[in-house]
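Visitor: Structure provided below as structure tokens; questions to follow.
Nothing in this text is a laboratory measurement; each read-out follows from the coordinates by a stated rule. As the structure is a computational prediction, the values presented were derived from the model and not from experiment. Cβ placement follows ideal geometry from the backbone for every residue including glycine, while neighbour counts extend to all protein chains displayed.
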């Protein structure tokens, strides 16, 4: 009887010994990782910047909803995003990244939108030993500065238009003469310099290589300089100038086999050009039409990770009530890359995650992800390919875009620019 | 009376000295970054004030000297291997030289014509640099991360840059005070009030204005070099931003043009306010609207700027608040 009376006491004592361990292991089982970044919520880059944030926030929401990332020791890693507005200006980027790291205790960083701002942030990331995934920052030069913790999600600027040249070779093997007319800014100049070098190695004659100032609205002097008989006209810059350039090429009835331009053609608004947009080719980091799937990954002997293209598009549309752009996809995939690296390394430690990033080679809804690991180009994106779209006419005669390159992801075959 | 016996001479210097010194002692990176932004604009606004405040010439394109000097200094340190200190001084010297050449021509213009010409100079400089091969053309220049090793690593390099900026700001304030209280400065103020009358009274206006233009261009060149070195790259879009010129003007007006303390107060208030609003959980999405409203109210109701207002209300403080 005496034993029975003391039973509850013994039970409580046993529970008392076990519970703290159970509670502490339950507490240790969850860890919150802070992802810090500045975003162009205001200023000239706010449209692209906001879409990038939307993409990243969608990833945070989805990964946390799915329980986060489970580490081998049972820790469940959840994510929280912390951001400040950089006003699309470089002035405060370093100050804000320092604050994110020192005050907000960010564990990992995502870059601001645009190469210039990302460059400023990269110095701080490297200095504080933080991994930073750049998205919306295509310039190659960032990855030639000796950083070891900066990784690029976008296809670099040097490969923005080179695929169009490969497509031209396929479309018309006799094509040998091209004209390049481009905006004189950092991004466009980086793109066309690489395009020119690539064209020359392929045996193309660069019949015209001309730059125009940002904000140019009259392209007649440049169009008049295009020699007759060029097989391709390539270049452009940003949305407004490229759209005007495409329109004036149409109005001047320039004869060529291919027109491939930067930035503007993938935008749905480009269709407002009507007839002038038909046959124009544009390069895009990602398109909802792109056919990246577990099957294409298997064919390429790669692992597939993350949602399918259709799942990403539908969840993005459901949350933000708009079609995702490549900026949105770029924001999402930056988080996805980090998720995979943490999963693979089984840790949130910078050195271990870095090792996983260096070894990463996988397929996602956004395309292939692989980083250069050599010291000269460390972090440069070498796996991802641009997607090339071309404007077609649908059955009603309205403009409709299709993916025409690369071969593995195309939804239609490219066609030669018709006589205008 | 000797200038070093004046409270008005020491007040801004002591404030900036103590503040910068405290940042160096506290050694907190976040505080350093905030202080760097404020000090940079304080020095830029004070440089502009030497021209705007003392001669009354409104330069909308003063940022051109920040850009050209910054480019030159960056080129000297990244391509020619100059140490940061020398490269920054080289950037400042080039800015001064450009100001001398440009000033000889544009300072013959007055009022709105001069203001418009300065915008044109900024745009011309941007176009020139975008096509100038040694400066990297449209893609600009960058330094390898290993370049910071010379200064003890990136972390130490940021502290060194801050220290150099702090010293530069102190020098700008000393120069601003000395110009204001010199015979030369009195000539400038006479030009500000009535240029023709000043010339009749014996002030050699073209020479005085050109010298002032050179002085006010020298410091932005140094600051530009420090800023771009800290960022690790320089490109035309960042170097010649007209909005920074406008902000410099706003800071001078906010604090009080023609005073030594005014641009310092204006820069601290403007940048402090912007920094707070940007990171405030309540205002971070409305910061531009709130900042705009506050500026509008200040300019409407305190047109002489903060220091000018206090000097007007409390005459006893005129000797202290220079």
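Visitor: When you look at the Cβ of every residue in B:240-252, what mean number of other chain Cβ atoms sits within 10 Å?
Guide: Whole-number average of other-chain Cβ neighbours for B:240-252 is 1.
Visitor: What fraction of the DSSP beta bridges in the protein assembly as shown is antiparallel, stated in percent and rounded to the nearest 5?
Guide: 35
Visitor: Could you check the simple spin-label distance between residue A:299 and residue B:127, using points 7 Å along Cα→Cβ, in nm with one decimal?
Guide: 5.1
Visitor: Taking each residue in A:146-157, count the Cβ atoms of any other chain within 10 Å of its Cβ, then average. What number comes out?
Guide: Taking all residues of A:146-157 together, the mean is 1.
Visitor: Specify whether the C-alpha gyration tensor of the range A:133-287 places it in the rounded, prolate or oblate class, a ≥ b ≥ c being the square roots of the eigenvalues: rounded for a/c under 1.5, otherwise prolate if a/b is larger than b/c and oblate if not. Kindly include the intermediate steps, with their values, before the conclusion.
Guide: Values: a/c = 1.72, a/b = 1.39, b/c = 1.24.
Judged from the Cα gyration tensor, the range A:133-287 comes out prolate (a/c at least 1.5, a/b above b/c).
Visitor: Continuing with this model, one more query. Relative to the longest principal Cα axis of chain A, at what angle does helix A:326-345 sit, 0 to 90 degrees, rounded to 10?
Guide: Its long axis makes an angle of about 40 degrees.
Visitor: Of A:357, A:132, A:50, B:199, how do they rank once you tally other Cβ atoms within 10 Å and put the fewest first?
Guide: Details: A:357 22, A:132 28, A:50 19, B:199 16.
Ascending number of Cβ neighbours within 10 Å: B:199, A:50, A:357, A:132.
Visitor: Of the listed peptides B:263-273, A:288-298, B:205-215, what is their order by residue-averaged count of other C-beta atoms within 10 Å, with the highest listed first?
Guide: Details: B:263-273: 24.1, A:288-298: 16.6, B:205-215: 20.2.
Ranking, from highest mean packing down: B:263-273, B:205-215, A:288-298.
Visitor: Say we join alpha carbon atoms closer than 10 Å with springs in a Gaussian network model of chain B; which of B:289, B:157, B:35 then has the biggest fluctuation?
Guide: It is B:289.
Visitor: If packing is taken as the average number of other Cβ atoms within 10 Å across a peptide's residues, how do B:185-194, B:95-104 rank, most packed first?
Guide: B:95-104, B:185-194
Visitor: Okay, next question. Angle, helix A:2-28 long axis vs. longest principal axis of chain A, Cα atoms, 0 to 90°, nearest 10?
Guide: Value to nearest ten degrees: 20.
Visitor: Something else now. Kindly express, to the nearest 10 degrees and within the range 0 to 90, the angle between helix A:115-127's C-alpha long axis and the longest C-alpha principal axis of chain A.
Guide: 30
Visitor: Classify the range A:296-420 as rounded, prolate or oblate, taking a ≥ b ≥ c as the square roots of the eigenvalues of its Cα gyration tensor: rounded when a/c is under 1.5, otherwise prolate if a/b is larger than b/c and oblate if not.
Guide: The shape class here is prolate.
Visitor: Per 0.36 nm of contour for each residue apart, how much would the distance between residue B:27 and residue B:297 grow if the chain were fully extended, relative to their Cα-Cα spacing?
Guide: 93.6 nm
Visitor: Once you sort the root eigenvalues of the Cα gyration tensor of chain A as a ≥ b ≥ c, which label holds: rounded (a/c under 1.5), prolate (a/b larger than b/c) or oblate (the other case)?
Guide: prolate
Visitor: How much FRET efficiency would the formula 1/(1 + (r/R0)^6) give for residue A:352 and residue A:61, where r is the Cβ-Cβ distance and R0 is 35 Å, rounded to 0.05? Don't skip to the answer; put the middle values down first.
Guide: Details: r = 26 Å, r/R0 = 0.73.
That pair, residue A:352 with residue A:61, gives E of 0.85.
Visitor: Output the peptides B:296-306, B:172-182 sorted from most to least packed, where packing is the average of other Cβ atoms within 10 Å over each peptide's residues.
Guide: Top of the packing list down: B:172-182, B:296-306.
Visitor: Go ahead and collect, in residue order, the members of the range A:27-61 whose backbone nitrogen is under 19 Å from a label point 7 Å along the Cα-Cβ direction of residue B:289.
Guide: Hits in the range A:27-61 for residue B:289 at 19 Å: A:40-44, A:46-47, A:50.
Visitor: Counting only other chains, what is the mean number of Cβ atoms within 10 angstrom of the Cβ of each residue in peptide A:115-124?
Guide: Partner-chain Cβ atoms within 10 Å, mean over residues of A:115-124: 5.
Visitor: Follow-up question, since we're still on this one. Counting helices only, and only those DSSP H runs with n ≥ 4, report the 222 nm mean residue ellipticity of chain A as the sum of -39,500 (n - 2.57) divided by its residues, in deg cm²/dmol to the nearest 500.
Guide: Value at 222 nm, helices only, nearest 500: -12500 deg cm²/dmol.
Visitor: If you rank A:166, A:241 by fewest surrounding Cβ atoms within 10 Å, what's the result?
Guide: Arranged by neighbour count, lowest to highest, A:166, A:241 become A:166, A:241.
Visitor: Among B:245, A:139, A:347, A:314, which comes first, second and so on when ranked by fewest other beta-carbon atoms within 10 Å?
Guide: Neighbour counts put them in this order, fewest first: A:314, A:347, B:245, A:139.
Visitor: Can I ask one more? Regarding the range B:3-317, what is the average projected area of its C-alpha convex hull, in nm²? Don't jump to the answer; show the numbers that get you there.
Guide: On the way: hull surface 68.3 nm².
Mean orientational projected area (the range B:3-317, Cα hull): 17.1 nm².
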